[in-house]
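Every read-out reported here was derived from the displayed coordinates using simple, explicitly stated rules and does not represent laboratory data. Here the structure is a predicted model, which is why all the values come from computation and not from measurement. A quick note on method: Cβ atoms are made from the backbone with ideal geometry, for glycine too, and the neighbour counts reach across all protein chains shown.
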Amino acid sequence: MRIYLVAGELSGDILGASLMRALKARYPDVEFRGIGGPRMQAEGFDSLYPLETLSVMGLVEVLKHLPALIKVRRHLLRDALEWQPDVMIGIDAPDFNLGLELRLRKQGITTAHYVSPSVWAWRQGRVKTIRRAVDRMLTFLPFEAAFYREHQVPVTFVGHPLADELPLEDDRAAARGQLGIDPEVQLLAVLPGSRANEIRFLGETFLAAIERLCQRYPGLEVVIPAATPLRRTELESLMAEREGLDRSRIHLVDGQSREAMTAADAVLLASGTAALECLLCHRPMVVAYRMAPMTHRIARHMVKTEWISLPNLIARETLVPELIQDAATPESIEESLAPLLSRAAGDVARQRELRERFTAMHRELTCDASAAAAIAIGELAGR
């Protein structure tokens, strides 16, 4: 069996390597070709270009690299048609891969796309291109699969690799031990984001909310995982400006976001993958997000979903408070987190309910994604 894989960045290389292992376990005669990174190459992959070739971010950067990207796509098209794979699979990188999948499918090659673009949220018209480009869409999330079925795109929900990676039984005491935090203390984890703009728009607001919460709960401690050394420097600089902040109650750590979330009683975070990870750590959370005013105005018109955080999108209901743009104030964050930190009997019962619901959702997303994807690909190849 011949499988042509095209991965576009580091996350695609990780997914691709895991998928290759699952395919080799199921079909020992399988051969691979296309574009992949070091992890895929370690599995015996023959990559025609370095992984970074497709890792171009931002409109200006894309325009600058467009002639080279078109050249690469034409070469891959010729190469795949000569090699005649049983299935071609684009891993993420939809702007590049969907065009290649469309051209190959027109030439009679069976195609699949692994990792759905956020077509359900914005630019929904892209689903028409996807319908023409793929024989099967492989999705991580059940609501994505429902969206594709509604739009007559063949789809398989394979589960989420993060759900496979994180344990269904979380160990709060062990996480606190790793972070050097007292096992008995009341703990809030705060994740202000991994991008410079997120710290710029959320940093001060989050720190002001921490200040208010520390006054409200005298025993509260806070753990803040800094995503990179640069983010740590930015956070330290913001903290130094706040005289009312009791630094002795704040643990600023490098990375270790999963440990911080698992160790915490409640979590405050910027929207994004971190919200899904927090669900998979089974912790009650508040999601807050701010962006440039113009970006928000454009996004408000383009985004078609009722919610922005993955826990709510997966549940199809509001389990997690979402404070967006002007709603994300220190006061509203404090009030939204209060029931998650409260020791009142009714609040404690609700916290337990949320943890149980998140564990049930975790179980639903745990399907051994790579093995499930390998089975779907085998079906496409007629195996």
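Helix 196-216 axis versus longest C-alpha principal axis of the chain: approximately 30°, rounded to the nearest ten. Among [x] 41, 22, 20; [y] 37, 23, 20; [z] 80, 31, 17, only one was calculated for this model; which label is it, if the read-out is semi-axes √(5λ) of the Cα gyration tensor in Å? From the options [x] 41, 22, 20; [y] 37, 23, 20; [z] 80, 31, 17, the structure gives [x]. Taking every alpha-carbon pair under 8 Å whose residues sit at least 6 apart, the range 186-325 reaches a relative contact order of 26 percent.
Considering only alpha-carbon pairs that sit under 8 angstrom and 6 or more positions apart, the relative contact order computed for the chain is 16 percent. For the peptides 166-177, 132-143, 328-339, 88-99, residues were scored by their other Cβ atoms within 10 Å and the scores averaged per peptide; the highest-first order is 88-99, 132-143, 328-339, 166-177. For the peptides 180-186, 33-39, the ranking by mean Cβ contacts within 10 Å, running from highest to lowest, is 33-39, 180-186.
Axis angle, to the nearest 10 degrees, between helix 330-341 and the longest C-alpha principal axis of the chain: 90 degrees. The stretch between E356 and E379, if pulled fully straight at 0.36 nm per residue, gains 4.7 nm over its current Cα-Cα span. Of the trypsin sites (Lys or Arg not before Pro) found in the range 318-364, those in coil by DSSP whose Cβ has at most 14 other Cβ atoms within 10 Å are R343.
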